[in-house]
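Visitor: There's a structure below that I have some questions on.
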Amino acid sequence: MKDELNTSYAELHKVRVTYANGDGVEQATLSIAPGEFVFLVGPSGAGKTTVLKTLYLELRPSEGHVRVGSYHSLFSKTRDIPYVRRSIGIVFQDFRLFTDRDVFDNLAFVLEVLGKSRKEIKRRVLRVLADVGLSHLARKRPQELSGGEQQRVALARAIVNEPRLLLADEPTGNLDPETADYMMRLLQRINERGASVLMATHNYEMVKRYQGRVVFIRNGQISG
Amino acid sequence: MRLSYLVKTCAMHFKRAWLSSLFSVFTIMFLLVLLGFFGLLWINLQQLVHSLSSQVQIHAYLSDGLLESQIEPLRSRLQQVAGVARVTFISKADAAAAFQHEFGKELFSLMDENPLPASFVVDVQESYRTETGIRGVAERIQAEPGVEEAVSHYKTLRLLNRYADAASRINLFLFLFVAAGSLLLVANNIRLVIGSQKERIDTMRLVGATASFIRAPLIVEGVVQGLLGGVLALLVLHWIYSMIGGLLSGFQLQGMEKGGLLIAAGGVLGLLGGCIGIKRYL
């Protein structure tokens with residue numbers, strides 16, 4: 001365990017999270033090393049999103065513990081959570097983009113939270129938009145974009161703060177094969193720059209085409 | 001947090017719930033106009049009471065049979081009465097001259113002799129210029145031998161004091177009413193903003209926004225609503241004041257210099273309303 005603490009950036013240890021309907025995860029153990037790419041593969045309802053939510057500290061385990069960076073669910077305080085989340089990038093399954101702001105401001109918000117200067121915000125946002133190939137859509141509202149473009153904006157927002165851990169929930173779920181492949185290459189590029197990536201997906205066939213450790217989840221149990 | 005972000009976010013919230021925000025601003029304005037109006041009424045009544053009480057004098061009318069030699073000792077005795085500041089003698093001739101000056105000579109030409117009594121006009125010390133103070137001094141003067149009757153207009157003072165007290169009580173009630181109303185309005189507006197942005201606020205939290213980062217624009221919004229309400233209330237009161245001032249010739253209305261307090265009250269109520277709204281709904 002001590003070795004794990006030293007080598008992993010994030011981990012779940014014998015975690016139990018149960019919803020009111022009895023679903024959830026049981027004895028879930030998973031560690032993600034710095035710079036590692038991990039696929040969390042399982043069918044719908046297996047508990048993938050629950051694992052991700054536990055890692056970005058939206059759900060609190062009733063048993064076991066979760067650790068992300070310096071945060072430890074048994075020892076850290078609730079008020080530390082926002083600061084831990086600043087080192088995490090999250091690509092939500094439903095994107096969760098701000099529809100009353102344009103693409104630029106969606107990304108800028110994350111940097112506003114970090115207290116960056118206007119100049120720094122502009123520099124970083126434009127760079128990340130260029131990385132995901134969306135510079136030309138900077139002043140568009142999310143609802144004016146296609147599903148694939150929205151997914152890329154969601155990814156851009158997740159990486160604009162240069163996170164150490166990127167959590168992506170079915171980032172290719174609703175995309176055509178070509179756009180899904182583009183998205184995968186973006187995720188791998190982010191991983192190559194040093195960020196750990198945990199990608200939840202139900203598509204094992206697609207996973208086989210890319211490099212990364214594969215972890216399976218079924219009925220709330222993690223294996224592999 | 002950058003100021004431009006704060007301003008932009010507040011403007012966005014205002015745009016999102018503009019009808020409710022405008023309703024809050026105008027209702028706060030209306031409530032503050034009520035508060036300000038009665039506040040100014042109270043200030044002016046106090047001023048009137050103060051001004052009239054400084055003018056209130058006691059007229060001590062002397063008995064007709066009083067000898068010339070008794071007048072000076074009586075003046076000395078009156079001067080010694082507690083609360084008396086100054087005593088001025090008005091002879092029968094002086095009284096007649098004043099009467100003739102005011103009403104003309106015709107009335108006197110019909111009479112054989114001057115019917116007006118000699119009197120002392122007594123100015124009262126400032127600390128005695130209250131209804132009870134003046135009445136006490138008048139009673140002590142009345143008790144002096146040689147004084148037929150001591151007359152003062154303390155009843156007018158009593159009436160004004162009553163009005164001022166009533167205005168003060170109305171003001172306190174209105175202040176509580178305005179405070180409760182404003183707090184409720186601002187808090188409700190924040191509830192609407194929070195309700196319409198629940199998912200957005202959740203997302204803010206998930207990208208690392210602290211509670212204070214999410215709350216600050218909402219609180220500022222409450223303060224801005226209160227301040228705007230205060231400024232508009234001041235403008236309306238100014239207009240009402242100029243209308244009333246035009247009707248009341250010879251009386252200088254006061255209190256508008258304290259108008260800043262109304263704006264400050266709006267701001268404080270907005271701040272408290274914002275805090276309550278956030279505590280209850282966020």
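The values are calculated or read from the model by the stated rules, or taken from the named source; none is laboratory data. Keep in mind that what you see is a predicted model, and the values were worked out from it rather than measured. Don't worry about glycine lacking a Cβ; one is built from the backbone with ideal geometry, like all the others, and counts go over all protein chains shown. Ligands, DNA and RNA are excluded from the accessible area calculation, which covers all protein heavy atoms including side chains. Shrake-Rupley method; radii C 1.70, N 1.55, O 1.52, S 1.80 Å.
Visitor: Below 8 Å, C-alpha to C-alpha, sequence gap of six or more: please give me the relative contact order for chain B in percent.
Guide: Relative contact order of chain B: 30 percent.
Visitor: Could you pull the Cα extents of segment B:57-152 along its three principal axes, largest to smallest, in whole Å?
Guide: Answer, in whole Å and largest first: 43, 28, 16 Å.
Visitor: What relative contact order, as a whole-number percentage, does segment A:68-224 give when Cα pairs under 8 Å and 6 or more residues apart are counted?
Guide: Relative contact order of segment A:68-224: 26 percent.
Visitor: Quick one: net charge around B:Leu3, please, counting Lys, Arg +1 and Asp, Glu -1 for every other residue with C-beta under 12 Å from its C-beta.
Guide: Neighbour charge sum, excluding B:Leu3 itself: +2.
Visitor: Still on this structure: Calculate, for A:His136 and A:Glu58, the FRET efficiency according to 1/(1 + (r/R0)^6) with r their C-beta to C-beta distance and R0 25 Å; round to the nearest 0.05.
Guide: On the way: r = 33 Å, r/R0 = 1.34.
Efficiency, from the Cβ-Cβ distance: 0.15.
Visitor: Could I get the Rg over Rh figure for segment A:1-139? Both from C-alpha atoms, Rh via Kirkwood, rounded to two places. Before the final figure, lay out the partial values.
Guide: Values: Rg = 17.3 Å, Rh = 17.1 Å.
Radius of gyration over Kirkwood radius for segment A:1-139 works out to 1.02.
Visitor: Also, I was wondering about something else. Below 8 Å, C-alpha to C-alpha, sequence gap of six or more: please give me the relative contact order for segment B:57-152 in percent. Intermediate values should be presented prior to the final figure.
Guide: Values: 135 pairs, mean separation 47.1, N = 96.
It rounds to 49 percent for segment B:57-152.
Visitor: Helix-only mean residue ellipticity at 222 nm, the protein assembly as shown, DSSP H runs n ≥ 4 weighted -39,500 (n - 2.57), per residue, nearest 500. What is it?
Guide: Helix contribution divided over all residues of the protein assembly as shown: -18500 deg cm²/dmol.
Visitor: Using a basic spin-label model with each label point 7 Å from the Cα along Cα→Cβ, how many nm lie between A:Tyr210 and B:Leu282?
Guide: Reported label-point gap for A:Tyr210 and B:Leu282 is 3.7 nm.
Visitor: Could you compute the net charge surrounding A:Phe92? Neighbours are other residues with a C-beta less than 12 Å from the C-beta of A:Phe92; K and R count +1, D and E count -1.
Guide: -3
Visitor: Compute the normalised compactness of chain B: alpha-carbon radius of gyration over 2.2 N^0.38 Å, N being the residue count. The partial results should precede the final answer.
Guide: Working: Rg = 30.9 Å, N = 282, 2.2 N^0.38 = 18.8 Å.
Dividing the Cα Rg of chain B by 2.2 N^0.38 Å gives 1.65.
Visitor: Provide a list, ordered by number, of residues in segment B:189-223 showing at least 50 Å² less accessible area with every protein chain present than when their chain is taken on its own, using a 1.4 Å probe.
Guide: Those are B:Arg200, B:Thr203, B:Leu206, B:Val207, B:Gly208, B:Thr210, B:Phe213, which lose 50 Å² or more relative to the chain on its own.
Visitor: Can you pick out the pairs among A:Lys14/B:Lys279; B:Lys8/B:Lys279; A:Lys119/B:Lys8; B:Lys8/B:Lys198 whose Cα atoms lie more than 27 Å from each other?
Guide: In this structure, A:Lys14/B:Lys279 exceed 27 Å between Cα atoms.
Visitor: Continuing with this model, one more query. Starting from the Cα gyration tensor of segment A:144-196, multiply each eigenvalue by 5, take the square root, and state the resulting semi-axes largest first in whole Å.
Guide: The answer is 19, 12, 9 Å, longest axis first.
Visitor: Counting Lys and Arg as +1 and Asp and Glu as -1, what is the net charge of the other residues whose Cβ lies under 11 Å from the Cβ of A:Leu57? Walk me through the intermediate numbers first.
Guide: Working: positive: A:Lys53, A:Arg60, A:Arg67, A:Arg85, B:Arg205; negative: A:Glu58, A:Asp80.
Neighbour charge sum, excluding A:Leu57 itself: +3.
Visitor: How large a share of the accessible area of segment A:106-157, in percent, is made up of carbon and sulfur atoms when the probe is 1.4 Å and the other protein chains stay in place?
Guide: 48
Visitor: For segment B:57-152, with every protein chain kept in place, what is the accessible area per residue (1.4 Å probe, Å²)?
Guide: 60
Visitor: Continuing with this model, one more query. Would you please give the FRET efficiency between B:Ile240 and B:Val7, computed as 1/(1 + (r/R0)^6) with r the Cβ-Cβ distance and R0 = 45 Å, to the nearest 0.05?
Guide: Once the sixth-power term is evaluated, E becomes 0.90.
Visitor: Kirkwood-based Rg over Rh for segment B:130-282 (C-alpha set), two decimals?
Guide: 1.30
Visitor: Taking a cut-off of 16 Å between Cα atoms, list the aspartates and glutamates near A:Lys116, but don't count ones fewer than 8 places away on the same chain.
Guide: Hits, sequence-local ones excluded: A:Asp105, A:Glu162.
Visitor: Determine the total buried accessible area between chain A and chain B, counting protein heavy atoms only with a 1.4 Å probe; round to the nearest 100 Å².
Guide: 1900
Visitor: Could I have the simple spin-label model distance between B:Arg162 and A:His72, label points 7 Å from Cα toward Cβ, reported in nm to one decimal?
Guide: Once both label points are built, they end up 7.8 nm from each other.
Visitor: Using a 1.4 Å probe on the heavy atoms of the protein chains only, list every residue of segment A:106-145 that has 30 Å² or more less accessible area in the complete assembly than in its chain alone.
Guide: For segment A:106-145, once contacts with the other chains are taken into account, A:Phe109, A:Glu112, A:Val113, A:Arg118 lose 30 Å² or more.
Visitor: OK, next. I'd like the FRET efficiency for B:Ala82 and B:Phe30, computed as 1/(1 + (r/R0)^6) with the beta carbon distance as r and R0 of 51 Å, rounded to 0.05. Walk me through the numbers on the way to the answer.
Guide: Details: r = 50 Å, r/R0 = 0.98.
After rounding to 0.05, the efficiency reads 0.55.
Visitor: Follow-up question, since we're still on this one. Residues of segment A:74-92 losing 50 Å² or more of accessible area relative to the isolated chain, 1.4 Å probe, heavy atoms only?
Guide: Listed in order, they are A:Arg85.
Visitor: Please say if segment A:128-224 is rounded, prolate or oblate, where rounded means a/c under 1.5 for a ≥ b ≥ c the square roots of the C-alpha gyration tensor eigenvalues, and otherwise the choice is prolate for a/b larger than b/c and oblate otherwise? Kindly include the intermediate steps, with their values, before the conclusion.
Guide: Numbers: a/c = 2.04, a/b = 1.59, b/c = 1.29.
Here segment A:128-224 falls in the prolate category.
Visitor: With N residues in the protein assembly as shown, what two-decimal value do you get for its Cα radius of gyration over 2.2 N^0.38 Å?
Guide: Taking N as the residue count of the protein assembly as shown, the ratio is 1.73.
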